[in-house]
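Structure first, commentary second.
All of the numbers you see were taken from the coordinates with simple rules; none came from a lab. Since we're looking at a predicted model, the values are computed, not measured. Here the Cβ positions follow ideal geometry from the backbone for every residue, glycine too, while neighbour counts run over all protein chains shown.
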Amino acid sequence: MSQSRILDRLSALDTNTVSDALDFLGLKGATYGLQPLWDCSKIVGRASTVKVGPKTDVAPAKHLLTPVIDAVTTDDRILVISGGLEGVSCWGDIIANASKMKGIRGTVIDGMSRDIDGSRDVGYPVYGRGVTMISARNRVVQYHSGIPLEMRGVTVNQDDYVIADRCGTVFVPAERIEEVLNLGERIDKRQNLMVQAVRAGHPVSEVMHDSQFEAIRSDTSSPSDGPAASSLSSSRNPKQASIEDQELVALFADSDTPGVSDALDKLGISGQAFGIMPLADYSKVTVGPAFTVRYVPASDPPGSVGDFIDDVAVGDVVVIDNGGRTDCTVWGDIMTQYAGIRGIAGSVIDGVCRDVNRALTDDFPLFTAGRWMRTGKDRVQVGGVNEAIGIGKVRVVPRDIVVADANGVVIVPRDRAREVAEVARSVEQKEAGIRKMIANGATISEAREQLGYHTLQRKA
């Protein structure tokens, strides 16, 4: 098969699907922590490997990476750089421009980049651990190129295949690429059928049954086969919000997480979920009663991973305790699609999610500790539903009120919801008064003093 055909087939997949294919085949390739460093496009290509490390002598060194860039002669290359130092750059805008001119498809760094705006301005994709302003000059040098290297625990060889998107970065051994592509395409077809089934209202417990996943291994069905092609039931969620749930949710309709957080502080309540952040900069606030789920390591044989969602009511927020694990996901596109159809308000996960393009496209609110592409199937299973759990160092009891927005997530104990809502309104009104006063010419100190700003969050 030609290289262009292989790359076209790989481009048609995403990192989630390729990660699943590697899992089925028992291959390591999915990495955690190598994310897009600006809102760049997916990249697919072949690895040009580079090993860098700390400079240990005083002699001047040739500029980092330039020999590798100059040596590229084809348009299928992705620079794969290992050995970066924490907080120190090994990538910048000048070498991004040079790489762009050479037709290099992008760069994946187990390290940091600086001048990231320069890479963005020329449309050059960069994936890595993060950004910094600290130069590599006299700190980092190139050791080797074109040799095997370690990327976040995965061995990458020269000419291995690379795919990177919003969920992270995956490497595929060159000698296994056709096997991975064949299986990945079957997985993709099967999962598309599962999404169609969910859209048509088929119970997710049936759609995501273990037998559906295991069928991927030998799947030879046509797109018209499977549950999506049958006459399916209505997608309406029969589990409606209770009157009390609606009343408590309405109390926070005009609040946001900063205001609720201040109210919790004033009342001495711990409710701010540490490290749980929005998938996107949502303009709306998500409010709903908590439907709690606790995941545990998988048993042998593994148990259920997602059947609970059929029991979630309209307007609920699914709150999942996966113990903060970042090595496997517990939420993907099928769950996103089904949750949207069922009128579920959003999901909060002490762990990671995948298939983020679906959630972003559908505008389904997701709040997580991160994103990654590796499935949780056969790694975790549901250990309990509607019991007290922990999310971001906060205790969550079933039916507590969840308030989440672009700032993060707060949990309001149900029996204190009315009290918290009242204090939050008071805080927000006083802050609105301060903004009005300074807009009308008052100094900020005058406005704060008059409206008691410094005591707004202080315990009574």
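Assuming R0 = 45 Å, can you tell me the calculated FRET efficiency for the pair ASP159 and ASP362, based on Cβ-Cβ distance, to the nearest 0.05? Kindly include the intermediate steps, with their values, before the conclusion.
Working: r = 37 Å, r/R0 = 0.83.
Plugging the Cβ-Cβ distance into 1/(1 + (r/R0)^6) gives 0.75.
Averaging over every viewing direction, what projected area does the convex hull of the Cα atoms of the chain cover, in nm²?
For the chain, the mean projected area of the Cα convex hull comes to 26.3 nm².
Per residue, what volume in Å³ does the Cα convex hull of region 394-452 take up?
With only Cα atoms used, region 394-452 gives 104 Å³ per residue.
Using Cα pairs under 8 angstrom and six or more residues apart, how large is the relative contact order of the chain, in percent? Let's see the in-between values first.
On the way: 1019 pairs, mean separation 72.8, N = 460.
RCO, the chain: 16 percent.
Which whole number in µm²/s is D for region 313-354 by Stokes-Einstein, with the Kirkwood Rh taken over Cα pairs at 10 °C and 1.306 mPa s?
Using the Kirkwood radius from Cα pairs, D works out to 150 µm²/s.
Only bridges whose two residues both fall in the chain count here: according to DSSP, what percent of them are antiparallel, nearest 5? Display every interim value, and only then the final one.
Details: 41 of 73 bridges.
That works out to approximately 55 percent antiparallel.
Using only the Cα atoms of region 342-409, construct the convex hull and provide its projected area averaged over every direction, in square nanometres to one decimal. It would help to have the intermediate numbers written out before the result.
Numbers: hull surface 22.2 nm².
Average of the hull's projected areas for region 342-409 equals 5.5 nm².
With runs of 4+ DSSP H residues as the only contributors, calculate the mean residue ellipticity of the chain at 222 nm using -39,500 (n - 2.57) per run, divided by the residue total and rounded to the nearest 500. Present the calculation step by step, with values, prior to reporting the outcome.
Working: 14 runs with 140 residues, N = 460.
Roughly -9000 deg cm²/dmol at 222 nm, from the helical runs in the chain.
Can you give the FRET efficiency to the nearest 0.05 for THR74 and LYS284, using r as the Cβ-Cβ distance and R₀ = 56 Å?
Given R0 = 56 Å and the Cβ-Cβ separation, E is 0.75.
Do me a favour and compute the ellipsoid semi-axes for region 232-286 from its Cα gyration tensor, root of five times each eigenvalue, largest one first, whole Å.
28, 17, 11
Write down Rg/Rh for region 1-57, rounded to two decimals, with Rg from the C-alpha atoms and Rh from the Kirkwood relation over Cα pairs.
For region 1-57, the value is 1.06.
Which of the lysines could a cross-linker bridge to LYS284, judged by Cα under 30 Å and excluding same-chain residues fewer than eight apart?
Hits, sequence-local ones excluded: LYS42, LYS239, LYS266, LYS393, LYS430, LYS436, LYS459.
Quick check: convex hull over the Cα atoms of region 14-99, volume per residue in Å³, rounded to an integer?
144 Å³
Trypsin sites (Lys or Arg not before Pro) within region 111-185: which are DSSP loop residues with at most 14 other Cβ atoms inside 10 Å?
ARG137
Can you pull out the chymotrypsin sites (Phe, Trp or Tyr not before Pro) in region 248-304 whose DSSP state is coil and whose Cβ has at most 15 other Cβ atoms within 10 Å?
Passing sites in region 248-304 are PHE274.
Which FRET efficiency value, to the nearest 0.05, do you get for ALA298 and ASN97 by plugging their Cβ-Cβ distance into 1/(1 + (r/R0)^6) with R0 = 41 Å?
On the way: r = 47 Å, r/R0 = 1.15.
With R0 = 41 Å, the Cβ-Cβ based efficiency is 0.30.
In whole Å, what are the Cα extents of region 314-442 along the three principal axes, biggest one first?
Rounded to whole Å, the extents work out to 60, 33, 27 Å.
Under a point spin-label approximation (7 Å from Cα along Cα-to-Cβ), what is the ARG395-MET1 distance to one decimal in nm?
It works out to 5.4 nm between the two label points.
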